[in-house]
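Everything below concerns the one structure shown next.
Only the coordinates and a few stated rules stand behind these numbers; no lab work does. Here the structure is a predicted model, which is why all the values come from computation and not from measurement. Cβ: placed from backbone, ideal geometry, glycine included. Neighbour counts: every protein chain shown.
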Amino acid sequence: MKILKNILPILLLTLVPTLVIWAFFYFKAPEVNNIPLPQNGMETVVANYDGPLYLVVAKTWYDSSAIKANFQFNLPVEYYAAHFPLFPLLIRGFGLVTKNFPYSMLAVTLISSFFALFFFNKLIRNYVNEIDALWLTFVFSIFPARWLIVRSVGSPEPLFIASVTAAIYFWDKKRYWFSAIAGAVATMTKSPGILLFVAFSAATIVPRLKLLAISKFSNWTRSLNFRKYPVVLIPLALAGVFYIYKLQFGNFFAYFNSGDNIHLLFPPFQIFNYNAPWVGTFWLEEIIFIYLFGAISLTQLIKHKQFTLAWFVGVFFGSILFVAHRDLMRYALPIVPFIFAAFSKYLVTKEFKIAFMVLIIPIFLFSLAFIANNVMPVANWGPLL
């Protein structure tokens, strides 16, 4: 009963916001608050970027001839190497049962969202009491709006965020094998998962650097006791992904030949180049607020000696400074749970609760407008079913 008591609210917070979003499309509402909505039913939800591309991988498992023969998205086959295999593998597994890959994709996204909220709830309980943790889980279920969007369409982000949050949670609890496995899951879902390896390695090595001054290097190396930290599973998972590419594309490093998919540019802050291919606008002031909250959360975590979280936020936040993509909020989503942890004491105050209630309607309006327009044109759904 206690397990049910803990899980049921998280299950409801997983389902209700997404079902509300889906209802507007399923019932073909012509508009909401004067925002016009397309009349294609759930096809609009399923067609949101990059859902159809993950369906291609799920149907073909990167088989170049099958991709060329059945799908006309006018993309080179190597482009699909940017879509890591775990999410489409799960779609494929569910699809073999449901016989409908698009709805299988939505089911995988929804289940992954549950685990993202579940591990967020477990993480945030380290900083606030049980009631406040449930409140913050409610907030996280719909905020930021970009998170509500990606967990309401076919997207690997919920699986990635669930595994990243689990990896950090287990590492902080010194359950290193669980952490490494979660980190491997993250890395097989999206390429930035490898940053967990960087963060965990830094969290292990950096605090012990001062001992180098009074120890022989060989003794210092042994003192690290790397066998205690099986983080090597994370780069091994990445090597496994690349080996799949070696088998299917004939190129171990196909990911780096997937076209304009790696949006890391030097020097940092190239996102303000409005001529960049994936930027295309000078309306970018809110990007500064993303940087602001990322930087403040990092300093807060360091101030409160939450070093595991701080290492990951620092490494990940440092990487997004080099991302030149208009949708920077989506790239920043993996650090959002830890921003909540950094500001948890403020987020449970009466003042914030009142302010957040004002935001609920605009969050849903923005989400509906975004999903209605972020649609990939699909001329023939037959091969994707």
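Observations on the model:
- The equivalent ellipsoid of the stretch 216-328 has semi-axes of 31, 27, 10 Å, largest first, where each one is the square root of 5 times an eigenvalue of the Cα gyration tensor.
- Helical contribution to [θ] at 222 nm, DSSP H n ≥ 4, -39,500 (n - 2.57), averaged over the chain, rounded to 500: -20000 deg cm²/dmol
- Over all pairs of different C-alpha atoms in the stretch 1-115, the reciprocal of the mean inverse distance, the Kirkwood hydrodynamic radius, equals 16.0 Å.
- Across the cross-link table entries 303/353; 122/174; 305/353; 99/190; 28/59, which are compared at the Cα atoms, the separations over 19 Å belong to 303/353; 305/353; 99/190; 28/59.
- The trypsin sites (Lys or Arg not before Pro) of the stretch 59-122 that DSSP puts in a loop, and whose beta carbon has at most 11 other beta carbons within 10 Å, are 99.
- Taking N as its residue count, the alpha carbon Rg of the stretch 80-140 over 2.2 N^0.38 Å: 1.49
- Each peptide in 296-303, 189-196 was scored by the mean count of other Cβ atoms within 10 Å over its residues; highest first, the order is 189-196, 296-303.
- Each semi-axis of the equivalent ellipsoid for the stretch 1-59 is √(5λ) with λ an eigenvalue of the Cα gyration tensor; in descending order they amount to 28, 20, 8 Å.
- Calculated on the Cα set of the chain, radius of gyration then Dmax: 21.3, 72 Å.
- Relative packing of peptides 43-56, 140-153 - highest average C-beta neighbours within 10 Å first: 140-153, 43-56
- Proximal aspartates and glutamates relative to residue 350, as straight alpha-carbon distance under 16 Å, when same-chain residues fewer than 8 apart are discounted: 132
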